[in-house]
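What follows is a set of notes on a single structure, which appears directly below.
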Amino acid sequence: MRRAARPLSGAANDYDPLMRLVGDARYVLLGEATHGTHEFYRERARITRRLIEEKGFDAVVFEADWPDAYRVSEYVRGRGKDASPEQALSGFTRFPRWMWRNAEVRDFVGWVRGYNDARLPERAEVSIFGMDIYSLARSAEAVVAYLKRVDPDEARRAARRYDCFRAYADRPERYGLDVLNRERGSCEKGAVEQAAEMSRRFEAWLAAPNRRRDDELFSAYQNARAVRTAEIYYRRLYHREFSTWNLRDSHMAETIHEITRYFEALGAGRAKVAVWAHNTHQGDARMTERGEVGELNVGHLMRRFHDGDAVLVGFTTYEGQVIAAPEWGVSGRRMRVRPALAESYSGLFHAVGVPNFLLVLRGGGEAADALARPRLERAIGVVYLPQTERQSHYFSASLSKQFDAVIHFDVTTAVEPLK
């Protein structure tokens, strides 16, 4: 590991090997081992800036809900009513707020806005989108609001279809429980019908010979897709035989493809997308113990459909601090990340003795061969349970098969949440 590791010093050429690995790839998936570590966000921003400036990437996709991220996209393209990155990020009100409402994301959003404002005429604007599925009520509202502007009659039909969800705006998980207990009927029919209607509208736009960019239509279409998937997710949440994880990651991968399709329909040529999400979504699930029981994820699906054209990058840490919650739905707080288990990948990287480094794994070599043998990998989400860390936050994986490159920071600090 020590011979293969490229030390990271903050220099402009730190990620030259990664840029060579990316080459002309269309998709770069940038992970994180936690949802609250400053260095992961900072370095993803550094890499993404180079992807935009040097590789012509068109969009950045967050592991975030579509309506919240679309507001940010409006801001970075000089549209909407927000006057600052902080205002644009204020739409992230759902738990966990700190995941996207933090100083690191604020600074990146500000950079994208500056890039768009100063770009050369031949360079396309960069957009920021979300790909998650938790925005059931807000996405439904966004669809109706769009239709009110372009087709009042269809807006009324959409409102009737989505009225089924009205009682669950603030507690969508309760919808699935009520359906399971037969206290109410399913809202599936309305969600399916409206998604089909928005799909017809979007396909008509695609077929138009003189189409013009229509982000509002595209956004409404994606919101209708989100409602459709969220309805299934919450309705099947209490069915043990159904994998809501697979449903969610399939939707996220499909959203990335939809974004690519949209940009290429605008004449962007070979559209390119960077994705920010947790390692557990970005690394190939087939190379983990979770894949052995049928779990898939975004990284797996992107490799399946774009073999060689997707670069998967993981991030690890040994110890430090993180913003996380002690349980779901509770406010995040600064927590100490315990030193990683010696038998884990993070424990091995700590033993290398290089504080921060990049390790390119695609292409083989001694280091890649050594990291192909299964070890424990740590994953801290929005909830961190140090008292049950081995059980709650470790799983077995073959790292060099799971990722094309790994970036390690031995001691990390917490993100800075925005007020």
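Summary table
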| item | result |
| --- | --- |
| Segment 7-95, relative contact order [Cα under 8 Å, separation at least 6], % | 15 percent |
| Extended-chain gain in nm, criterion 0.36 nm per residue less alpha-carbon gap, Tyr115 and Glu53 | 21.4 nm |
| R0 of 30 Å, Cβ-Cβ distance Asp107-Ala351: FRET efficiency to nearest 0.05 | 0.35 |
| Normalised contact order of the chain, rounded percent, pairs of Cα under 8 Å and 6 or more residues apart | 26 percent |
| Distance between modelled label sites at Arg157 and Arg373, nm, 7 Å Cα→Cβ extension | 6.3 nm |
| Whichever lysines have a C-alpha closer than 27 Å to that of Lys189, once near sequence neighbours (fewer than 8 apart) are set aside | Lys148 |
| Dipole magnitude of the chain about its Cα centre (Cβ charges: Lys, Arg +1; Asp, Glu -1), debye to nearest 20 | 460 debye |
| Calculated [θ] (222 nm, deg cm²/dmol) that DSSP helices of n ≥ 4 give over the chain, each run adding -39,500 (n - 2.57) | -13500 deg cm²/dmol |
| Within a Gaussian network of the chain (alpha carbon springs, distance under 10 Å), most fluctuating of Asn297, Asn210, Asn13 | Asn210 |
| GNM result for the chain, Cα springs below 10 Å: residue of Ala45, Ala370, Ala137 fluctuating most strongly | Ala370 |
| Solvent accessible area, Å² - Phe95, 1.4 Å probe, full protein context | 40 Å² |
| By average C-beta atoms within 10 angstrom, highest first, the peptides 242-255, 68-81 | 68-81, 242-255 |
| Relative contact order, percent, segment 284-402 [alpha-carbon distance under 8 Å, six or more residues apart] | 28 percent |
| Arg261-Glu292 pseudo-label distance in nm [points 7 Å out on the Cα-to-Cβ vector] | 3.6 nm |
| Sparsely packed GluC sites (Glu not before Pro) within segment 118-189, loop by DSSP, other Cβ within 10 Å at most 13 | Glu122, Glu183 |
| Area accessible to solvent at Leu120, 1.4 Å probe radius, in Å² | 100 Å² |
| Carbon/sulfur fraction of accessible area - the chain, other protein chains in place, 1.4 Å, % | 47 percent |
| Selected from Trp328, Trp111, Trp276 as most flexible by GNM, with the chain as the system and alpha-carbon contacts under 10 Å | Trp328 |
| Where labels lie 7 Å past Cα in the beta-carbon direction, separation of Asn181 and Glu125 in nm | 4.7 nm |
| Neighbour-limited loop hits for trypsin sites (Lys or Arg not before Pro), segment 260-325 (at most 16 other Cβ within 10 Å; DSSP other than H, G, I, E, B) | Arg270 |
| Centre separation in Å (Cα based) which lies between segment 1-42 and segment 262-335 | 14 Å |
| Residues Ser84 and Val150, FRET efficiency given R0 of 35 Å [Cβ-Cβ distance, rounded to 0.05] | 0.75 |
| Computed Kirkwood radius, in angstrom, where 1/r is averaged over Cα pairs of segment 293-363 | 15.4 Å |
| Reported label for calculated volume of the Cα convex hull per residue in Å³ given (1) 156; (2) 165; (3) 140 | (3) |
| DSSP H segments from the chain that extend 27 Å or more along their own axis, Cα-based, with Kyte-Doolittle mean of -1.0 or above | 188-207, 215-235, 244-265 |
| Residues listed by number, segment 315-330, amide nitrogen under 14 Å from Leu385 label point at 7 Å toward C-beta | 325-329 |
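The values are calculated or read from the model by the stated rules, or taken from the named source; none is laboratory data. Just so you know, these numbers come straight off a predicted model, no measurement behind them. Neighbour counts are summed over all protein chains in view; Cβ atoms, including those assigned to glycine, are modelled from backbone coordinates with ideal geometry. Keep in mind that these areas ignore ligands, DNA and RNA; they rest on the heavy atoms of the full protein, side chains included. Shrake-Rupley method; radii C 1.70, N 1.55, O 1.52, S 1.80 Å.
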